[in-house]
Structures are given as C-alpha cells and as structure tokens.
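Novice: So that we are looking at the same thing, I have put the structure below in structure tokens.
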Amino acid sequence: MNHRLGGTRFEVVATDTVTPTDGPTGASTSSASGYVQPEVDVPALTRLLDGRYAEVRNLVRSNLSAYSSILTDAETLSRADYRERVKELVVEMASTGQTGMGFPEEYGGGGDIGASIAAFETLSFGDLSVLVKVGVQFGLFGGAILQLGTERHHEAYLRRIVTGELMGCFAMTETGHGSNVQALGTVATYDVATQEFVITTTREDARKDYIGNAAEHGELAVVFAQLEVGGEGRGVHAFVVPIRVRDDSGELVPAPGVTIADDGLKMGLNGVDNGRLWFDEVRVPRDNLLNRFADVTPAGVYESPIDNPNRRFFTMLGTLIQGRVCVGGAGINAAKVALTIAVKYALRRRQFEASGEQEELLLDYGMHQRPTSSPPSRATTTSCCSWSPRACSPTTPATSRTWTSSGWSASWPAWPSTPWWRRPASTACWSGCATCCPAATSGTRRPACSTRSTSWRCTASARST
Ligand SMILES: Cc1cc2nc3c(=O)[nH]c(=O)nc-3n(C[C@H](O)[C@H](O)[C@H](O)COP(=O)(O)OP(=O)(O)OC[C@H]3O[C@@H](n4cnc5c(N)ncnc54)[C@H](O)[C@@H]3O)c2cc1C
C-alpha cells in the first residue's frame, strides 16, 4: 500500500513498519510568499506513529473520549468525590480490557506487555490522576504480585486485580527512604512458632509514605521490608499485607495493627488517594511472602536460587522495570499535550505590532519558539533556523540535511555542554544559519523563524532583537 507523507511516498510493508520508497516529491500548496505547505497523509502518519499497537491505542483513545468529563470533574468536584470518580472510571476502563493487557490471559489479561505499555502511555493524553491510579493498581500493585509472586499468589489475587475489584498498594517508599530502597526501615521477622511474618515499622521515618490507593481504596498492600529469619537479615523482600478489612456493616476499616493517614492535598494528581502506613507487629501467614526469588521454609530456613544478596535485590527490582518504562512513555505523551496546546494557541493568538499591519503571532516570537521546540525534537524540524541559533556555538557550523535512500540524513553539531538558554547569541551562529536558510542575514540581524502547520520556515523579514 502506498501513502504520501510530507510530500514523500511511503509503502506500508507491515502493520508496524512504514518505509519511504523515494525522495521528496514536492508539495501540494504554495503561497505567494514562496512558502510551501507539504502534503501530509494523516492516516499514514497515524499508522506510522501508532506502530504495531494501533488497535490498543485506538481503544484507549475511544475510552478517553467516552470519559472526557473527568477533565471537568477534576476542576469541579471536591477532592473526596474526585477520588471516587477516578476509582469508578478506572474500574470501568478495566472492564474494556485496556488496563489488563500485561497480565496472563488465564487471569483475564491480554498477555502482551508491549500492549500494556502502549495502552498506558496513550492514557496519559487524558486525566493524569486516572493514569496514575491505573499505574498503581495494575502496574505497581498487580505487577509486583505477578512478577515477585508465584502461582499461589496469582491464583489468589490476579483475577480480582485485573477487574479492579481488589484494589491494592505498592508500599515501597518510606519517609526516610525513597530512592535508596535497600535501606528501608520496615522489618518482617519470621516467627517459626506460628509460621507467620511480623511486619513492624521500626521508627518514625520508616512509615510508608506517598503510597497510592492507601488513603481510601486499598485492601491489600505489597509491603517491602527487611526480612529477618533466625536473627539474620536477608535484605528487602515483598509481602502481601491486608491493610483494610470489612467491619460488621461491610465497610472497609484499617486492619488490626495498621495505622493509615491521608497524604492530603498534593500539587497535582489529587484524584489519587496517596497515604501513609504504619505497621505495629502485623502478622501475616508465611505464604504471604512473594517468593519467586526467595522463600522461607516452615522451619525457618531461608532459601534462594540467587546466592549473592545484591544480585537478588536487583533481580527483584529489575522485574519491576516495566513501571519505569511506562512512566517515561507517559511523561513524554503528557508533554506532547502541553506542547500541542502551546503551539496551537500560539498560531492563533496575536500580540503587539512588531512588524507590518497585523499584530505578531505568538509563535513568531523567539521566546515562544524556544520552550516549544526543545532539543530532543530538533531532528523532526525541517529548517536549521528553527533551532540552530540556540544550539550552535561560535565554532560549530549550522546543520545540513540531505535526502538519502534510507530517509533524511541530518548532521547536527555536537550538542553544547552549556544549555542553549544560557548561551549568548553569536554572529557566527546566525551566519551559519544563513547558509542553509537563504533568507537569514548574517551579522547583527537575526533571522526570524516561524512555523506553519507541521513544518518550519524561515521568513524573509528579519528581526533585529
Ligand atoms: C504522587 C506520588 C505518588 C507516589 N506513589 C507511590 C507508590 O504508590 N508507592 C511507593 O512506594 N512510592 C510512591 N511514591 C514515592 C516515590 O516512589 C518516591 O518519591 C521516589 O522513589 C523518590 O523518593 P524520595 O521522594 O524519597 O526522593 P529522594 O530519594 O530523597 O531523592 C531526592 C532527589 O535526590 C535524587 N537522588 C537520590 N539519591 C541519589 C543518588 N544516589 N544520586 C543522585 N541523585 C540522587 C533523586 O533523584 C531526587 O531528585 C509516590 C510519590 C509521589 C510524589
């Protein structure tokens, strides 16, 4: 199948691959000023960007659209109601299958980790409390049960986790230790007499903090604690600990020995019920140790196929890497939303009569272009002028960009160690820009760059700022 993309013909050779078949073939529209508007085949571009998980992304996009009222709810509901609405919505989304794609099919999941990452990052185009609640419930809590537990844990919990019926927490961070997980202060001591682990918050800064689902909705928590067996420390391990139980009227109340507090108002994500947890000698059965990488026998013998404690610790944490990948992907998509709003607004809003009869478009101001065109996006721009005045140094030449059989080949100057926003503008820099952007003049006058639609252009008018 052939597609046109930015004046280039593309052949779709697989659902996740789009290959250029020849060089630029011109463009569809041109204005009196000489600006050429490239033709963009939107469906082909969408296929290219969606990749092999297009169907998954479409499902999430349609759910985002169906539940878009949450964006208003976030502004208008009380914090308590907003939290409840986010929870309801997460459970409703779970019923469409979008949040369970990373779980095995036998437990109601989709059996495809890649699909779950695609679904998660697409979800970040919407309300971020929904995203984080999904991340806590299915990625962190469900992911820990799946990755650190064994069949008995999977059988006991996964089906109800996938539907959202059983809400839970990933209780790793403590007030005293966030990044340094190996130094956590919560202790789990094995009691051979009762074959139970005794979970204890050993000091005030060992309380669990900022734990999603803790303040309101979580029934279980995967608690990360220092395991002690027969008086010997075995390092951080994960335990399933009930933090809420139902009282006689069916209401969820804190489990015996568990103290729960609300982290309260945050700078964002107020639809997520983050909370604090303290454990006062809370007893859980021996089976509640998530024992994929280490176990304790009933008689109190510690066993692990990984001898080295450090290697064991990092193997355990390594299985949770999916959460980090998801956060990166979601962060990028959330930034795309902000960028799109900034660019679209700046293409409509005019302020101050800097030149000509009309007031200037916001996007024609260099100060507005800078935050909307960060270094990682420079390879996608089509004119050196859109970025090289910021990126180049007095000694680095402007970039060149050529078409090759395998696509665009761009040679960019080495990224300077000093960030662009701290670099003084230099004559050589502007002069270099002029070599690939003929309208730019060197010397004291700087080229003015603006953007129309999807491509950058260098305007003939120069601005002496
Ligand atoms: C909204 C929200 C939700 C959360 N949900 C959960 C949850 O559900 N479960 C959970 O367990 N936790 C949760 N957390 C906690 C989160 O995981 C921690 O905030 C995170 O691990 C960082 O720990 P910290 O805040 O103690 O920062 P610190 O570890 O004190 O780090 C502070 C700064 O120092 C830097 N730093 C630390 N150590 C080093 C080093 N060795 N070298 C260089 N730089 C370093 C860090 O990068 C950071 O910039 C949540 C936090 C927030 C804000």
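Novice: Could you tell me which numbered condition Leu123 fails, if it satisfies all but one of (1) in contact with a Phe, Trp or Tyr (Cβ under 8 Å, 6 or more places away or on another chain); (2) surrounded by 21 or more Cβ atoms within 10 Å (Cβ to Cβ)?
Specialist: Every listed condition holds for Leu123 apart from (1).
Novice: It is to be established whether one or more residues within segment 346-353 are crowded, with 17+ Cβ neighbours inside 10 Å and either within 24 Å of Leu131 (Cβ to Cβ) or not assigned by TED's automatic domain parsing to the domain that holds Leu148 (or both).
Specialist: yes
Novice: Further, regarding this structure: In segment 209-239, which residue that is in contact with a Pro (Cβ under 9 Å, 6 or more places away or on another chain) and closer than 26 Å to Gly271 by Cα is nearest to the ligand (Cβ to nearest atom)?
Specialist: Once the filter is applied, the top-ranked residue is Ala221.
Novice: Also, I was wondering about something else. Have a look at Ala183, Ala206 and point out the one that is surrounded by fewer than 20 Cβ atoms within 10 Å (Cβ to Cβ), within 16 Å of the ligand (Cβ to nearest atom) and among the aliphatic types (A, V, I, L, M).
Specialist: Of Ala183, Ala206, the one residue that is surrounded by fewer than 20 Cβ atoms within 10 Å (Cβ to Cβ), within 16 Å of the ligand (Cβ to nearest atom) and among the aliphatic types (A, V, I, L, M) is Ala183.
Novice: Here's another thing I want to ask about it. Is it the case that Val343 is within 15 Å of the ligand (Cβ to nearest atom) and either outside the structural domain of Leu220 (by TED's automatic domain parsing) or crowded, with 17+ Cβ neighbours inside 10 Å (or both)?
Specialist: When the stated conditions are applied, Val343 does not pass them.
Novice: Report the residue count in segment 146-170 for those that are over 19 Å from Val296 (Cα atoms) and touching a Lys or Arg at 6+ places or on another chain (Cβ under 7 Å).
Specialist: Residues that pass the stated criteria total 1.
Novice: Give segment 281-311 a look and list any residue that's charged (D, E, K, R) and touching a strand residue (DSSP E or B) at 6+ places or on another chain (Cβ under 7 Å), or say none.
Specialist: Answer for segment 281-311, where residues must be charged (D, E, K, R) and touching a strand residue (DSSP E or B) at 6+ places or on another chain (Cβ under 7 Å): Glu281, Arg283, Arg286, Asp295, Glu303.
Novice: Same structure again: Only residues that are without any contact (Cβ under 8 Å) to a residue 12 or more places away in the chain and part of a strand (DSSP E or B): list them for segment 220-244, please.
Specialist: Scanning segment 220-244 gives a single hit, Gly233.
Novice: Report the residue count in segment 312-340 for those that are of a type in the set (Lys, Arg), under 30 Å from Gln147 (Cα atoms) and not assigned by TED's automatic domain parsing to the domain that holds Ala144.
Specialist: 0
Novice: Hey, can you tell me all the residues within segment 213-243 that are over 19 Å from Thr200 (Cβ atoms) and surrounded by fewer than 24 Cβ atoms within 10 Å (Cβ to Cβ)?
Specialist: Once the filter is applied, which keeps residues that are over 19 Å from Thr200 (Cβ atoms) and surrounded by fewer than 24 Cβ atoms within 10 Å (Cβ to Cβ), segment 213-243 yields Ala215, Glu216, Glu219.
The values are calculated or read from the model by the stated rules, or taken from the named source; none is laboratory data. Source: prediction; values computed, not measured. Glycine also receives a Cβ, built like all others from the backbone with ideal geometry; neighbour counts cover every protein chain displayed.
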